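The values are calculated or read from the model by the stated rules, or taken from the named source; none is laboratory data. Please read all numbers here as calculations on a predicted model, not as lab measurements. As a convention, Cβ positions derive from the backbone with ideal geometry for all residues, glycine included, and neighbour counts pool all protein chains shown. Just the protein is used for accessible areas: all its heavy atoms, side chains included, with ligands, DNA and RNA removed. Shrake-Rupley method; radii C 1.70, N 1.55, O 1.52, S 1.80 Å.
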Amino acid sequence: MAPHRPPVRTGADILTCVVVLFLEGALVLVAAFTLGMRRWAEGYDPRPPGRQPMDWLPVIVFGAITVGVLVLGGLMLRWGWNWSAWGQFFGAGLLLLATLLTAHEEWSRARPAPPAPAVTPSEARCVCRSGGGPCEYPGG
């Protein structure tokens, strides 16, 4: 005997997809705002000199939201809500990209590039030998 298939409800499926993606977008905006305000508030705290450790909290928050969206998409696919499930998988892909970009930003912030060496003017650095320039006639 064939398993019972749920009835096709395309209109409700698409509406559910839009509503759930809207709610998840609101959740992501609240998380981003909260984490942004946290970063802004850290600007008022005195920091010890030297390298700062990587801040894993934004990566964990966006990663947890991504996993939650993937699980919800899998459940929707299992329940027969195909449009909603694929909308969830698309949203999870965007969230995964945001998670990776956040991780890269935090990694870059924890490991700043070394400062460029100071360049001092010297006669040895002057290459111009065409005549009349400051290389042959310093000060003139």
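Where residues in region 75-84 are surrounded by 13 or more Cβ atoms within 10 Å (Cβ to Cβ) and not polar (S, T, N, Q), which of them is farthest from the chain's Cα centre (by Cα)?
Per the stated criteria, the residue is Gly80.
Output the residues belonging to region 53-74 that are free of Cβ contacts under 8 Å to residues at least 40 places away in the same chain and open to solvent by 70 Å² or more (accessible area, probe 1.4 Å).
Selection gives Leu57, Ile60, Val67, Leu70, Val71.
When residues of region 24-52 are filtered for being surrounded by 10 or more Cβ atoms within 10 Å (Cβ to Cβ) and part of a helix (DSSP H, G or I), how many remain?
Of the residues in that region, 17 qualify.
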